[in-house]
Amino acid sequence: MAMTLRSLIMFAVGDAYVYQIGDRPMGEVSYAEPSAAEKRHLPVPVGAGDAARFRTRCVGCMKCISVCPSGILRPSSTAGHFGRPALDFRYGWCRPECNLCAEACPAGAIRRGLTPERKKALHTGIAVWHGERCVAATGKDKCNACARHCPVGAISLVAKEGAAESAPKIPRIDVEKCIGCGACEHFCPARPKAAMIVEGRG
C-alpha cells in the first residue's frame, strides 16, 4: 500500500496532527470524542456510493486524504477498515461543492465530475440523533446548530413531546433528504460526545 509522507505522519500521530478549521488552529477547538467505534457502518465520502462499493474499489493509496481541504478523510484504525480512508467529522464536513478526493482517486472509488446538485442527491450516510446527549433535549440550552448547518434541509426543529411551550425544540431528521455530509455532527456542541452521529448506510 503506497502512502505519502504526510499520510504516514497522520497515521502515526492521529489526533495530534495539527489541522485548521477555518482560521482556528486545532488547539483552540473543543473536539468531541471519536465516534467511529459506535457507528454500525463507517460513512464514506459523498459520491463514493455505498460502503461495499467503496471498500471494493479503494486501493488504500491515501491520495484522497492528502487533498481533502476539510481534513476529514483520515486513515481508519477500526477493525475491517484498518488503514483505509474513513471520515472523521470532528474536523469538518463533506462539502457538496468539493470534488478533490474524487479527482485524486486513481481507482474510481469516488465518482468524479459530480456537480453540487448531484452530490446532494446521493445518500451515502445517515444522521442518527442521540437525545440523551443533546443540549436542547436535556434542557441545558437552546440549540439549532444541526438544523442551521444542514446543506440539504434534512433537519428541522420540533417541540419535544410533553415539554412546555417555552422549552428548547429538538431536531427531527428527514432520512430521505439526509446525504451523510457530516455537517450536523461537526457543528454539534454536545460534549464529550456529539449528539448527532453520521453513519454509513451500509
Loop GluC sites (Glu not before Pro), the stretch 97-143, which have at most 14 other Cβ atoms in a 10 Å radius of their Cβ (DSSP): Glu97, Glu132
Charged-residue dipole, Cβ positions (Lys, Arg, Asp, Glu), the chain about Cα centre, Debye nearest 20: 440 debye
Between Arg148, Arg40, Arg111, which gets the highest mean-square fluctuation from a Gaussian network model of the chain, Cα cutoff 10 Å? Arg40
Name the residue, out of Gly47, Gly108, Gly92, whose mean-square fluctuation peaks in a Gaussian network model built on the chain with Cα pairs under 10 Å. Gly108
What translational D, rounded to a whole number of µm²/s, comes out for the stretch 56-135 from Stokes-Einstein when the hydrodynamic radius is the Kirkwood one over Cα pairs, at 4 °C and 1.567 mPa s? 93 µm²/s
Provide, for q = 0.09, 0.10, 0.13 Å⁻¹, the log10 of I(q)/I(0) from a solvent-free Debye sum over equal Cα point scatterers in the chain. -0.33, -0.41, -0.69
For Lys63, list the lysines whose Cα falls under 25 Å from its own Cα; do not include residues on the same chain fewer than 8 positions away. Lys39, Lys119, Lys120
Given an 8 Å cut-off on Cα distances and at least 6 residues of separation, report the relative contact order of the chain as a percent. 25 percent
Assertion target for Tyr91, Tyr31, ordered by fewest C-beta neighbours within 10 angstrom first, is Tyr31, Tyr91
Can you find, among Cys94, Ala32, Gly153, the residue farthest towards the positive end of the dipole of the chain? Put +1 on the C-beta of Lys and Arg, -1 on that of Asp and Glu. Cys94
With springs only between Cα atoms under 10 Å, which of Arg84, Arg191, Arg95 fluctuates most in a Gaussian network model of the chain? Arg191
Considering only C-alpha atoms, what is the centroid distance from the stretch 127-202 to the stretch 82-121, in Å? 23 Å
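Where a number appears in this text, it was derived from the coordinates with a stated rule and is not lab data. The shown structure was predicted, so the numbers you read here are calculated from the model rather than taken from an experiment. Backbone-built Cβ (ideal geometry, glycine too); neighbour counts: all protein chains shown.
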